Structure formats: C-alpha cells, structure tokens
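Take a look at the structure set out below.
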Amino acid sequence: MEKRSSIEECCNVKKLEVRKIQDLLRSGNLENYRSVLAEVLDEIHFRDIRSLVLRLYIGADIYIEAHSFSREIGVDDREFIRLFGSIDEIEDRLSTVEDTVRFFGEMIGQCIRWRIENTRENGNYIINNAKSYIDKNYMSSEISLTNVADAVGVCPTYLSSLFKKETGRNLSEYINSIRIERSKALLCCTSKMIYEIAYEVGFQDYRYFSQIFKKCTGQTPRQFQSNANVYV
C-alpha cells in the first residue's frame, strides 16, 4: 500500500505546471496570488503528499522559478538568499505541508512585491522594450498583446494598462501606427501593389488595411499614393 501511494504521489508531482508559477510571478497581483497558488498546488494534490523528498522536488522547481524571476527584475542574489536561503538550505522550511505552502506563499508574494516596486521605478523601461519589440516585429501578422507581453516579461493585462497609461493609446493602436508609417514610405517609394504593401506591413486583409490607413491619414492608400505623384 505504501509503495502504491508513493507511485501515485510521483505521478501527481509530474503534473506541476511550472508555466502557471511563471505567470503568477509576472502577474504583479498581490490580491489573489495565494488563491492562484493554492489552485496550482491543488491540481497536483499537494496537501496529500507526505513524502519530504517529493515536497523538496516540487519546492526546488518553485524556488528556481522564483529565484530566476527575482534576478530578471534586478533583485540582488544576496537579498533573495537572505530571505529564503539557498536551494540547498530550503529543506528546513519544508518540514510539513503547511510550512511548505507558507514558504511558497512568502517567496512568491515577495517576488510580486519586488516586481511592483521595480515596475513603478522602471515603467518607461518596460514601455521602451515593448516599442522596440514592436518596431522589429510589426510586419508579422502574429504580433499581439500576448506575445509582446511575453517578450518584455510582464502579463498582458498589466502591459495593456501600463502602455495606455504611459502613451495615451492602446498597444494595438501603436502597432497599427507603425504599420501605417511604413506603408506610407512604401506607397511613395516603390512600385508595389497596394495589397502587397498591406501584406508586407502585417495586414492580412486589404480592406482592413484601407480602413486603418484612412483612419490614420484621412485618405485611402490610393489617394495618398496619387497625391504623392508617384507610381499612380
């Protein structure tokens, strides 16, 4: 019976979704992080795990994610280790299931607090990185709030809010403005067909491109091209 129980525990541990821990750390949300953490642990039936070895197995994964995250946002290793110990020292913090859950909560909560403090000081840094990523990838039809957020290391909801606050416009509006500026240069300086230009700057639908172009410039792409007196 004990052997079967251990096997079942091992199977449950393998179901830990590290990605959910990463998303939780990036969320910047102190209001519900404990409930989200509880949901992640419930998915692997963590409170039923009696083996210290298996708790260490899970604890090492979460510790590594939290420590890596703290480094990404500029926290000194010495400060992290001062509060939570080195990975070789965490066994004492995991002596019971309750102690382990408390340790996870303290560690993740502190990382989120560090993230909030870091963001308040470095909001412009995040926005500049987002703009830089967009400037390099605007031509991809796959670009979205989600992959821009992934590229700069924040959750989509937070990036959307921060971008609007710092720039006065939505991230999608910024992406379209970059695309339209590039399309204007192509309309003036190349002999490419308008639908080819639309595709080249990231629009898959010519009609949608024309709609956005007119909204941004007051002219259709063809009117703009005609007024420029080139390649009519």
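The values are calculated or read from the model by the stated rules, or taken from the named source; none is laboratory data. From a predicted model like this one, the values you see are computed outputs, not experimental measurements. Here the Cβ is made from the backbone with ideal geometry for all residues, glycine too, and neighbour counts use every protein chain on show.
Laid out as a table, the results:
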item: Pairs where the first residue, in the range 219-232, is hydroxyl-bearing (Ser, Thr, Tyr) and the second is surrounded by 13 or more Cβ atoms within 10 Å (Cβ to Cβ) and modelled with pLDDT of 90 or more, C-beta under 6 Å, 6+ apart; result: Thr220/Ser210; Thr220/Lys214
item: Filtered residues of the range 78-103 (kept if of a type in the set (A, V, I, L, M, F, W, C) and closer than 11 Å to Arg55 by Cα); result: Ile90, Leu94, Val97, Val101
item: Residue within the range 175-190 that is over 26 Å from the mean Cα position of the chain (by Cα), of a type in the set (Ser, Thr, Tyr), surrounded by fewer than 16 Cβ atoms within 10 Å (Cβ to Cβ) and not assigned by TED's automatic domain parsing to the domain that holds Arg113 present; result: yes
item: Check on Arg78, closer than 19 Å to Cys155 by Cα, among the charged types (D, E, K, R) and modelled with pLDDT under 95; result: no
item: Residue ranges of helices (runs of 4 or more DSSP H) in the range 119-206 with at least 1 members under 30 Å from Gly74 (Cα atoms); result: 145-152, 156-167, 171-189
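Okay, residues lined up against (1) touching a helix residue (DSSP H, G or I) at 6+ places or on another chain (Cβ under 7 Å); (2) within 30 Å of Ser226 (Cβ to Cβ); (3) not small (Gly, Ala, Ser):
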site	(1), (2), (3)
Ala151	yes, no, no
Leu159	yes, no, yes
Thr167	yes, no, yes
Ser183	yes, yes, no
